[in-house]
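Take a look at the structure set out below.
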Ligand SMILES: [Zn+2]
């Protein structure tokens, strides 16, 4: 490594060797602002020096940060088109339905149908946001026996559980599968964005990304609740009121989540473009 690459960015450290800007600890992401350069992280004990001279985006080349900004833009366009289509379909379903409960039901179906395509956008985002590494890295990292064995230890019981569940109640398991497919890629993508914003560093956007991540998880729970209430109300009409209420909350929540999430993506894109300058 060249000497000038090891130098901390301008303004990061003041004349008394204190951190003068927001800076995440590389290990635990604690903000190290105003800490002494030679101290250890107050939260995890990792040397602060390591966080200062680590691989931060602010020290990377303009081209690699621009690449990340472009990746976020791809997701923004995908989300805008898909979100717009879902939104229009849901609104038309609500306005055209004669019976409010049935209109809500149709709107939820459309939201879920659109939601099933959304993970593709999120997966593209996750792939694009990954730092480019040689194929040998992936081979060593993902195909090593110890890692595969650990995965098997987690996956085998999960698959067994899913198979048992499918045997006893395949409808519930199919619904659960749908919810997991809608939620997991988006959740992973948001964790990637959060990490990226910690690396920038931009703690405000990192916190917002975490907030949207929690929102996505709650949305998944709400969707599953609607599906369970649908089944319950078919057997017992007393559940109809609860079904209408939870469906309405889920639709409003999805709208709010869409707006906040889209806002997050736009701001992340801007922050990266700004950092690349
Ligand atoms: Zn730490």
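Bear in mind these aren't lab numbers, they're just calculated from the coordinates by the rules spelled out. Values in this document were obtained by computation on a predicted structure and should not be read as measured data. Glycine also receives a Cβ, built like all others from the backbone with ideal geometry; neighbour counts cover every protein chain displayed.
Kindly express, to the nearest 10 degrees and within the range 0 to 90, the angle between helix 240-276's C-alpha long axis and the longest C-alpha principal axis of the chain. Tilt relative to the chain: about 20 degrees. The relative contact order of the chain comes to 22 percent, based on Cα pairs under 8 Å that sit 6 or more residues apart.
In plain terms, the residue of 44, 223 with the fewest other Cβ atoms within 10 Å comes first and the most crowded comes last, giving 44, 223.
The angle between the Cα long axis of helix 100-129 and the longest principal axis of the Cα atoms of the chain comes to about 30 degrees, rounded to the nearest 10.
Ranked by Cβ crowding within 10 angstrom, fewest neighbours first, how are 104, 112 ordered? Mind showing how you got there, number by number?
On the way: 104 23, 112 19.
In increasing order of surrounding Cβ atoms, one gets 112, 104.
This ranking places 224, 262 by how few other beta-carbon atoms lie within 10 Å of each, fewest first, which gives 262, 224. Can you tell me the orientation of helix 145-168 relative to the chain, as the angle in degrees between its alpha-carbon axis and the longest Cα principal axis, to the nearest 10? The angle comes out at about 10 degrees. Efficiency by 1/(1 + (r/R0)^6): what FRET value for residue 74 and residue 277, r their Cβ-Cβ distance, R0 = 25 Å, to the nearest 0.05? Given R0 = 25 Å and the Cβ-Cβ separation, E is 0.80.
What does the extension gain come out to for residue 214 and residue 238, with contour length at 0.36 nm per residue minus their alpha carbon separation? Don't skip to the answer; put the middle values down first.
Details: separation 24, 0.36 × 24 = 8.64 nm, distance 3.10 nm.
Result: 5.5 nm gained on full extension.
On a full-extension model of 0.36 nm per residue, what is the gain between residue 34 and residue 120, subtracting their alpha-carbon distance, rounded to one decimal in nm?
Details: separation 86, 0.36 × 86 = 30.96 nm, distance 4.16 nm.
26.8 nm is the gain from fully extending residue 34 to residue 120.
In this rough spin-label picture, where each label sits 7 Å from Cα along the Cβ direction, the residue 154-residue 169 distance is 2.6 nm.
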